[in-house]
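Below is one structure, written out as structure tokens; the observations come after it.
The values are calculated or read from the model by the stated rules, or taken from the named source; none is laboratory data. The shown structure was predicted, so the numbers you read here are calculated from the model rather than taken from an experiment. Don't worry about glycine lacking a Cβ; one is built from the backbone with ideal geometry, like all the others, and counts go over all protein chains shown.
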Amino acid sequence: MRPSRAAWGTVLTVGFGTLLPAALAPFGPHPVAALAGPSVKPRTGSSSWSSFSSLPSSDGLWAHPHVRVAARSWARSSSRFGLGAAEFAPMRRPEWTVPLSMSLSMPVSVPLAGATVAPAPVTGWFSPAPGAAISQPFGVPDPEYAAGYHTGVDFAVFTGTPLFAVADATVVTAGWGGAYGNWIVLRLPDGFYALYAHMSRLDVRTGDHVAGGQQIGLSGESGNARGPHLHFEIRPRNVYGAVIDPLPYLRAHGCHV
């Protein structure tokens, strides 16, 4: 049984008048096809027609208001891709066959000439205390330090918080460090050193090899500490005072700190 005109009108109104324009809208107007009111400028080589009222209908369906609204929405979207009357012609047949041979030019992102692409963060590096806030930054003047300033950064953590190796490393120190309390020093892949101080428990020994992200102990407040926290240093050389700001160093290796 042939569907009624009203049924076809509803299908076309929803299918072409709503869904297709919404799907094609992000692509923007086609540079060589413009729409002015109900008229469509056909693509070069297509049949010339100025409005939908000039399109012949085989059985009077163009007179139905739903069909005309749906067709207008369809052509408005089709014109953005340079489709003219020749591609729209199958819609005028009694069986209302939708053309399936349309080729749409999808947008492709192409780097601009001379553009600089930022390198992806290096993987395999981790925060020593993930999610912890910084309670004291690097370089703050402090007469209680022999260097006269804060030689690392303090992560605000409670006693017993797991601490992790920032990268694959070798443990060069694990034990008691005087004012640093229970401490661990790791030699990192680039030759720098990572120092963890005031710990409550050490899970590694000198000479161990650890993987990035491996737990190496628990935070605490051993040594000269004003409460539980992790004092963390990055040293180019493993001597006191040979330090750099740990945060830029870690971020340059892809750590979220």
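Here are some notes:
- The condition of being surrounded by 17 or more Cβ atoms within 10 Å (Cβ to Cβ), of a type in the set (A, V, I, L, M) and at pLDDT below 90 holds for only one of MET102, MET91, MET106, that being MET91.
- Elements of type strands (runs of 3 or more DSSP E) in the range 172-257, at least 1 residues being among the basic types (Lys, Arg): 182-187, 193-202, 230-235
- Looking across the range 125-146 at every residue that is hydroxyl-bearing (Ser, Thr, Tyr) and either touching a residue at least 40 places away in the same chain (Cβ under 8 Å) or not assigned by TED's automatic domain parsing to the domain that holds ALA197 (or both), the one that is surrounded by the fewest Cβ atoms within 10 Å (Cβ to Cβ) is identified as SER135.
- Residues located in the range 208-256, provided they are on the phi > 0 side of the Ramachandran plot and acidic (Asp, Glu): none
- Candidates VAL166, VAL243: the one that is closer than 22 Å to ALA133 by Cβ, touching a Lys or Arg at 6+ places or on another chain (Cβ under 6 Å) and assigned by TED's automatic domain parsing to the domain that holds ASP142 is VAL243.
- Residues that are among the polar types (S, T, N, Q) and surrounded by 15 or more Cβ atoms within 10 Å (Cβ to Cβ) within the range 189-213 comprise just one, SER200.
- Every residue from the range 147-170 that is in contact (Cβ under 8 Å) with a residue 24 or more places away in the chain and part of a strand (DSSP E or B): VAL153, ASP154, PHE155, ALA156, PRO162, LEU163, PHE164, ALA169, THR170
- Test: ALA174 is surrounded by 15 or more Cβ atoms within 10 Å (Cβ to Cβ) and of a type in the set (A, V, I, L, M, F, W, C): yes
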